[in-house]
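Trainee: The structure is given below, and queries will be raised subsequently.
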Amino acid sequence: MTTPRFKRAAACLMMVVIGDTAAAQTLFGRWALAPYACDGELDRRPDTPLLVEPMSVRWFNADCTVVSSYRVKDVWYYQGRCTVEGKSSTIPIMLDLRGDRLLVGWNREPVTEMRRCRINIVGP
């Protein structure tokens with residue numbers, strides 16, 4: 001026979017485990033075409049990392065605020081209000097999460113496949 005306290009503890013543990021699994025599958029973070037592009041901002045768009053945050057997406061010289069979004073399975077469709085060199089426009093952005101890969105559709109251009117950047121933490 002289980003006690004209510006045991007049931008609550010088991011439910012909390014399951015929420016933590018499920019939460020960790022969901023967090024591992026998030027599309028938020030830094031993505032790039034190749035590992036060398038993860039380190040910083042470079043001169044050409046293909047060489048720059050894509051930065052995905054809950055309410056913004058940044059890539060090369062485009063800084064976009066998400067104004068609307070919807071999800072179909074693991075694919076997110078955003079409307080981004082983007083500023084590029086002082087000019088604003090609204091563009092479609094498609095983000096298709098596939099494990100450690102992200103398929104990116106940017107302003108109706110051909111889809112680009114990126115990989116999640118690994119964060120290297122250097123301690124004292």
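The values are calculated or read from the model by the stated rules, or taken from the named source; none is laboratory data. Please read all numbers here as calculations on a predicted model, not as lab measurements. Don't worry about glycine lacking a Cβ; one is built from the backbone with ideal geometry, like all the others, and counts go over all protein chains shown.
Trainee: I want to confirm something. Restricting to the range 25-40 and keeping residues that are assigned to a loop (DSSP other than H, G, I, E, B) and out of contact with any Asp or Glu (no Cβ under 9 Å at 6 or more places or on another chain), which single residue is modelled with the highest pLDDT? Show your work before the answer.
Mentor: Step one: list which residues in the range 25-40 are assigned to a loop (DSSP other than H, G, I, E, B), which gives 25-28, 33-34, 39-40.
After this cut, where a residue has to be out of contact with any Asp or Glu (no Cβ under 9 Å at 6 or more places or on another chain) as well, the list is 26, 39-40.
Working: Thr26: 88, Asp39: 77, Gly40: 68.
Among those residues, the one meeting the criterion is Thr26.
Trainee: Looking at Trp76, Trp59, which one is surrounded by 15 or more Cβ atoms within 10 Å (Cβ to Cβ), touching a residue at least 24 places away in the same chain (Cβ under 8 Å), in contact with a Ser or Thr (Cβ under 9 Å, 6 or more places away or on another chain) and farther than 14 Å from Trp31 by Cα? Even if it seems obvious, please write down each step before you answer.
Mentor: On the way: Trp59 fails: farther than 14 Å from Trp31 by Cα.
That would be Trp76, the only listed residue that is surrounded by 15 or more Cβ atoms within 10 Å (Cβ to Cβ), touching a residue at least 24 places away in the same chain (Cβ under 8 Å), in contact with a Ser or Thr (Cβ under 9 Å, 6 or more places away or on another chain) and farther than 14 Å from Trp31 by Cα.
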